[in-house]
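To keep things clear, I will list the structure first and then write my remarks on it.
Derivation of every value follows stated rules applied to the coordinates shown; laboratory data play no part. Values in this document were obtained by computation on a predicted structure and should not be read as measured data. Cβ: placed from backbone, ideal geometry, glycine included. Neighbour counts: every protein chain shown.
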Amino acid sequence: MSAESQDVTQSKSELILKPFFSKATEILFYTGNTLALFKVLKKTNSTITDEVIEYMSMILQAIRTNMDMKQHQEDSYVKLISVQDDEHSTASNGATPGVSIDNEQLTREDMKFSVKIFLRSLEPEILTHTINAVLNELKENYVESVMISLPNYGAQLTLTEFIPLWRIIEDFIDKQKILSAGVCDFMLPLLSDLCDSAKHKPYANQINLGVCCSIPEELNKYVKENNIQLLTHSDPIDVINESEFQQTIREYCHEYDSLNWKPCSVVRYSSVIANRGIIKSKGFLIYAKRELRMVQ
Amino acid sequence: MGLLTLGRPLNWEETKNYASLIREHGIEQFIHIHNKLKDRRNDCLKWGDEVEFLMVHFDHENKRVQLALRSHEILSTLMEPQDQNPADCVTLWHPEYADYMIEATPGQPYGHLPVHFNMVEANMRLRRQQGQQLLGKDEYVLSTSNFPRNGCPDFTWPTHKPTPTTSASASIFFPDEVIFPNHPRFQTLTRNIRLRRQSKVAIHLPIFIDKNTPRPFIEDLSIYDHDGNSNESTAIEDHIYLDAMGLGMGCCCLQVTFQAQSIDEARFLYDQLTPLTPVMLALSASSPIWRGYLADIDCRWNALCAMVDDRTPEERGLEPLKHERFRLPKSRYSSVDCYISPDSAIYNDTEIVQDADAFHKLTEHGIDHILAQHIAHLFVRDSVALFEEQLHLDDTKDTDHFENINSTNWQSMRFKPPPSNSDIGWRVEFRPTELQMTDFENAALVTFIVLLTRAIMTYNLNLLIPISNVDENMQSAQHRDAVLHQRFHFRKCLSTMKTPDTPCMTSVQKSAFQENECEHRLMTINEIINGSNEFVGLLKIIQDYLSNIEVDADTRCTINQYLSLISRRAAGTLMTNAAWMRYFVTNHPAYKHDSVVNDEITYDLLWKMKKISIDEEECPKVLPRMSSKTTLDISAAVEKENNELEVKRSLMTQHNHHE
């Protein structure tokens with residue numbers, strides 16, 4: 001290919017002539033703390049899917065604007081981090097901008113990190129990779145709570161299918177990288193089967209808000225007897241699918257950059273000042289893989 | 001109500017002579033406590049509600065309902081547990097102005113756990129039951145802001161006749177016997193306020209003009225005056241006349257108190273909550289009936305301001321200033337006059353009357369101008385209740401003189417320094433909310449306000465508008481059906497300017513805020529709460545906050561129902577208490593469309609409210625059908641989780657030390 005002369009202020013409608021990451025078979029998007037981007041004019045009740053696509057778009061837009069073609073050319077594992085993360089460290093003693101109250105130095109003990117992992121695959125190494133990515137990008141030695149949400153294959157999930165994943169979680173708990181872990185949308189008998197087989201029982205089961213006022217009596221009884229918290233969420237089971245993921249990349253990058261990606265896991269994390277109920281940070285990680293059939 | 005010191009109350013002449021002493025020492029005490037405790041850090045943002053109940057007696061044979069003067073008989077029983085073991089109570093009781101009122105708070109303040117929101121209503125219900133247990137046959141605890149026939153002939157049980165020539169209030173409607181007798185504070189305040197003012201307190205509330213209301217409507221007040229001395233009582237065309245502290249302080253309200261982590265946080269909260277005072281007043285409106293007449297206003301606020309107004313004619317601007325130090329535009333019961341955080345200075349756009357000596361003393365001792373201004377403003381008021389035994393205090397240890405003035409400035413917000421000899425932190429009281437007829441509604445209002453403060457602090461929002469606009473809003477909020485018809489100044493863009501420059505944010509900020517554009521505009525309550533194409537809506541901000549914290553299913557269910565109530569009331573699909581009471585009256589067979597709410601109508605109204613409050617009857621125009629999942633039991637699981645985390649943290653610390 002001949003050398004291109006790129007216009008630095010290329011608008012969205014102009015064509016991208018070369019792919020940014022043609023050799024990538026794994027990609028990780030990490031948004032950093034999105035709380036600093038709180039947009040009050042926009043309706044704040046957008047779904048998690050809208051949020052994820054929005055943040056991916058922001059990151060891709062920045063790449064497009066920078067037009068640094070060399071950066072990811074040779075990478076097989078591409079890590080895309082939100083620009084503002086450079087200015088605001090996600091270390092636990094970061095101050096929040098715009099606060100007129102006194103800025104006290106917070107220690108790690110004051111914070112509580114909660115992580116929800118939406119898995120789109122039951123492959124154990126995806127889960128392992130995802131948890132490690134979270135710990136690495138957040139620069140934390142441990143997180144207090146991990147909730148794991150599983151793909152909906154239509155049929156009921158069996159314990160046999162799930163237990164390898166729970167063993168991975170238990171391993172992280174043994175290494176004190178995760179302090180407590182829970183599950184999402186489990187009904188009986190799966191929940192009781194898990195508790196019977198588990199070394200570390202789930203501390204919570206997160207159920208959909210839509211049913212929080214009409215919980216089955218049996219389930220209610222079981223959780224109360226076994227000291228499991230019933231928490232709530234308003235998330236879909238599937239946060240972002242193949243076509244949404246690929247389409248988002250397609251809007252900002254070359255066609256080859258978007259081909260064949262399968263999102264494997266989406267993570268939403270948040271940190272709260274433990275005694276105050278005040279959220280300090282919130283962000284997302286999106287991890288996807290693809291097989292490369294075309295070489296540029 | 002405030003400070004209950006013991007001892008002999010001074011009469012007015014004696015009290016007047018001590019005005020300067022109290023002022024000087026009060027300022028000394030504030031300086032002392034401020035400088036000693038300005039760096040105090042509390043580890044948790046705590047909060048609690050305060051509910052004032054009425055007690056009524058139903059006479060089924062004669063179809064009338066009267067206020068039951070039982071407080072002096074039952075309060076000591078209610079207070080036994082806290083007298084013996086204050087650290088271990090589920091509820092705490094306090095006396096209030098009238099002998100038909102009892103006031104209580106939860107025994108321990110609520111904290112940071114989401115599950116605390118699920119306890120509020122259950123604790124309120126428990127307090128109602130505890131009071132109810134001690135009452136006799138046909139006597140009931142009720143929660144509403146204003147007893148509709150307060151001040152009407154024989155409005156209490158037992159009955160008493162007003163004695164205007166000798167009573168503390170000189171009222172032709174409100175006998176002294178209705179004032180709580182077991183503490184001299186309330187009578188003392190009543191008498192001293194009137195003596196200082198040099199006349200009875202007075203207000204004229206606009207009457208609601210109905211089809212058959214006499215035009216003009218003028219009360220013949222001579223029928224109330226048994227002692228033939230009515231020259232001080234004046235009726236005004238188309239208005240309802242009130243003339244006693246008890247007709248204002250005898251109203252009930254719903255308060256929320258926050259204990260901040262630091263003084264700066266307390267000042268921040270005070271400011272951010274101030275623009276919300278008119279919004280909550282409008283949403284909670286429950287006082288449309290006064291002295292047996294339908295009024296054209298729905299709230300108690302202005303009536304209360306007037307019923308404790310101790311300003312002399314000079315201070316009120318009726319005569320030129322000769323003996324008094326200041327012209328005072330407002331009563332000592334009023335909406336706040338200034339914000340108190342340094343960043344808020346630009347929003348203090350009204351002139352604030354201050355005691356100059358106090359201001360200088362405060363600033364000389366290191367207190368910043370904004371806080372000094374606030375305190376110096378409070379201290380333009382004289383003491384109106386002093387006790388002999390408490391006159392001479394150690395300013396380095398006691399705060400009674402400061403509290404004397406601070407607690408008799410009754411404003412829509414109150415900033416409270418820590419009491420001496422305690423580890424309680426800097427606190428803020430949110431005071432405008434009217435009392436609703438059910439625990440569910442009261443809990444909903446409290447939950448809404450607390451969640452909103454969490455969201456404001458999480459997202460670093462700014463709700464401030466010029467204080468003059470807040471004052472305008474407070475007047476708008478009291479209009480009949482303000483929730484449906486009035487518009488309120490509200491800030492357009494709640495995010496602060498210090499957000500990072502990303503492509504996305506820049507475009508949003510630009511369109512939101514051009515250079516000379518006004519930061520606020522008029523919005524309906526519906527738009528403020530539920531949002532619109534142009535405004536995010538307070539509920540959406542709260543929902544966003546909730547989606548980011550771990551909340552158990554029962555608490556989430558409860559909160560959802562509370563927020564649904566607020567949403568629907570703001571949208572007008574559910575009625576305020578005031579609107580419903582009007583509806584009840586105007587559809588009552590005995591109502592003659594002449595604005596008169598007689599004994600029979602009041603009896604039926606309050607009987608129905610009693611049944612609604614204990615779930616014997618539904619009220620779908622005001623309340624949704626479901627009931628919440630409120631409970632006093634904190635789930636064992638939550639406690640367990642917290643314990644586990646503590647254990648693991650200590651393991652981690654050990655681990656880290658070994659590395």
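Only helical DSSP H runs with n ≥ 4 go in: add -39500 (n - 2.57) per run for the protein assembly as shown, normalise by residue count and round the 222 nm mean residue ellipticity to 500 deg cm²/dmol.
On the way: 29 runs with 333 residues, N = 955.
Result for the protein assembly as shown, helices only: -10500 deg cm²/dmol.
Give me the lysines in straight-line cross-link reach of residue B:211: C-alpha distance below 23 Å, same-chain residues under 8 apart excluded.
B:592
How would B:613, A:121 line up from fewest to most surrounding beta-carbon atoms within 10 angstrom? Don't skip to the end; give the middle numbers.
Working: B:613 23, A:121 15.
The fewest-first ordering by Cβ neighbours comes to A:121, B:613.
Using the Kirkwood radius built from alpha carbon pairs, what does the Stokes-Einstein equation give as D for segment B:1-145 at 20 °C and 1.002 mPa s, in µm² per second? Can you show the working numbers first?
Working: Rh = 18.5 Å.
Value of D from the Cα-based Kirkwood radius: 116 µm²/s.
Specify whether the C-alpha gyration tensor of chain B places it in the rounded, prolate or oblate class, a ≥ b ≥ c being the square roots of the eigenvalues: rounded for a/c under 1.5, otherwise prolate if a/b is larger than b/c and oblate if not. Please report the intermediate quantities before stating the final value.
On the way: a/c = 1.38, a/b = 1.20, b/c = 1.15.
In terms of gyration-tensor shape, rounded.
If you take each beta carbon of peptide A:220-231 and count the beta carbons of other chains within 10 angstrom, what is the mean? Don't skip to the end; give the middle numbers.
Numbers: counts 2, 0, 0, 4, 3, 0, 1, 7, 2, 11, 7, 8.
Neighbouring Cβ atoms belonging to other protein chains average 4 per residue here.
Check which residues have an amide H placed less than 5 Å from residue A:111's amide H, if you skip close sequence neighbours.
So residue A:111 has HN proximity to A:274.
If amide H atoms are built 1.01 Å from N in the plane of the peptide, which residues on other chains or at least 5 residues away come under 5 Å of the amide H of residue B:69?
Long-range HN contacts for residue B:69: B:157.
Order by neighbour count: B:92, B:522, B:445, fewest other Cβ atoms within 10 Å first, most last. Display every interim value, and only then the final one.
Numbers: B:92 19, B:522 14, B:445 24.
With the fewest neighbours first, B:92, B:522, B:445 line up as B:522, B:92, B:445.
Cut-off is 10 Å between beta-carbons; in what order do B:78, B:37 appear when sorted fewest neighbours first? Please report the intermediate quantities before stating the final value.
Details: B:78 21, B:37 16.
Starting with the residue having the fewest Cβ neighbours, the order is B:37, B:78.
Return the sequence-ordered ³J(HN,Hα) values of segment B:68-74 in whole Hz as given by the Karplus equation 6.51 cos²θ - 1.76 cosθ + 1.60 applied to θ = phi - 60°, using x for Gly and Pro.
8, 8, 10, 3, 4, 8, 9
Residue by residue, what Karplus-based ³J(HN,Hα) values in Hz, rounded to whole numbers, does segment B:410-426 have, using 6.51, -1.76 and 1.60 with θ = phi - 60° and x for Gly and Pro?
Those phi angles translate into 9, 10, 5, 10, 9, 9, 10, x, x, x, 5, 6, 8, 10, 5, x, 6 Hz.
Within 10 Å of each Cβ of B:102-112, how many other protein chain Cβ atoms are there on average? If you can, show how the numbers build up before the last one.
Working: counts 0, 0, 0, 0, 0, 0, 0, 0, 0, 3, 7.
Counting other chains' Cβ atoms within 10 Å and averaging over B:102-112 gives 1.
Please tell me the relative contact order of chain B in percent, rounded to the nearest whole number, where contacts are Cα pairs under 8 Å and at least six residues apart.
On the way: 1242 pairs, mean separation 129.5, N = 659.
Relative contact order for chain B comes out at 20 percent.
Mind listing the phi-derived Karplus ³J(HN,Hα) values for segment B:253-267, rounded to whole Hz, using 6.51, -1.76 and 1.60 with θ = phi - 60°, and x for any glycine or proline?
Running phi through 6.51 cos²θ - 1.76 cosθ + 1.60 with θ = phi - 60° gives 9, 10, 10, 10, 10, 10, 10, 7, 6, 7, 5, 5, 5, 4, 5 Hz.
Rounded to two decimals, what is Rg over Rh for segment B:67-156 when you use alpha-carbon atoms and the Kirkwood radius? Kindly include the intermediate steps, with their values, before the conclusion.
Details: Rg = 14.7 Å, Rh = 14.5 Å.
So for segment B:67-156, dividing Rg by the Kirkwood Rh gives 1.02.
Find the relative contact order for segment B:138-281 and round it to a whole percent, using C-alpha pairs within less than 8 Å whose residues are 6+ positions apart. Show your work: numbers first, answer last.
Working: 143 pairs, mean separation 35.6, N = 144.
Computed value for segment B:138-281: 25 percent relative contact order.
Farthest toward the dipole's positive end in segment B:70-215, which of B:188, B:142, B:86, given Cβ charges of +1 (Lys, Arg) and -1 (Asp, Glu) about the Cα centre?
Toward the positive end, the furthest listed residue is B:188.
Quick check on segment A:172-270: take the gyration tensor over C-alpha atoms, sort the square-rooted eigenvalues as a ≥ b ≥ c, and tell me if it's rounded (a/c under 1.5), prolate or oblate. Working shown, then result.
Working: a/c = 3.12, a/b = 1.95, b/c = 1.60.
Judged from the Cα gyration tensor, segment A:172-270 comes out prolate (a/c at least 1.5, a/b above b/c).
Which residues' amide hydrogens lie under 5 Å from the amide hydrogen of residue A:264, considering only partners 5 or more residues apart or on another chain, with H built in the peptide plane?
Residues meeting the criterion, in which the H sits 1.01 Å from N, are A:287, A:288, A:289.
State which entries of A:139/A:262; A:79/A:112; B:161/B:330; B:200/B:397; A:221/B:608; A:177/A:280 exceed 30 angstrom in Cα-Cα distance in the structure shown.
Numbers: A:139/A:262 26 Å; A:79/A:112 26 Å; B:161/B:330 32 Å; B:200/B:397 37 Å; A:221/B:608 37 Å; A:177/A:280 20 Å.
Over 30 Å Cα-Cα: B:161/B:330; B:200/B:397; A:221/B:608.
Would you mind classifying the protein assembly as shown by shape? Square roots of the alpha carbon gyration tensor eigenvalues, ordered a ≥ b ≥ c; an a/c under 1.5 is rounded, otherwise it is prolate if a/b is larger than b/c and oblate if not. Kindly include the intermediate steps, with their values, before the conclusion.
Values: a/c = 2.06, a/b = 1.85, b/c = 1.11.
The shape class here is prolate.
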